[in-house]
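Peer 1: Got a structure for you, questions after.
Just so you know, all these numbers are worked out from the coordinates, no wet-lab data involved. In this text the structure is predicted, and so the values were computed from the model without any measurement. Glycine also receives a Cβ, built like all others from the backbone with ideal geometry; neighbour counts cover every protein chain displayed.
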Amino acid sequence: MIPVSYDSLYYYNDKIIKGKINNKYGVLNSKNTIVIPFDYDALIVDFDFHGWENENHIDKFAVKKNDIWYYLDYNGNIIKKDIPNAEIEKEYASFKLKNYDFEYIGKLLNRNIKNYF
């Protein structure tokens, strides 16, 4: 059970539950263990849950803190830092960049459904 101390939660799977506390984003798992601390102004989950991505896809979180974007792996290690806003906008174009809450599925479907048919 996850306590009702979060402003919002979005369940991807037992290992990735995106949450928000006091307008800061983070990730926890189904055992209520924090995976990514609730320190970020924005957090985008970019994991290939369905095997639809290409072979070069790297599962990651795109996070924003103090107006700087980073890519983090599942363990919170920095993959890349100082990512330009233009790169984030291009990669996650279907997001409304001022509303990061729970819009990843739209990005995933928009990018991959056209390749499916």
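Peer 1: Expressed as a whole number of Å, what is the distance separating the alpha-carbon centroids of region 15-63 and region 69-95?
Peer 2: Value for the Cα centre distance between the two parts: 12 Å.
Peer 1: While we're looking at this one, here's another question. Beta carbons within 10 angstrom, averaged per residue: use that to sort the peptides 23-30, 75-82, 86-93, highest first.
Peer 2: Peptide ranking by packing, descending: 23-30, 86-93, 75-82.
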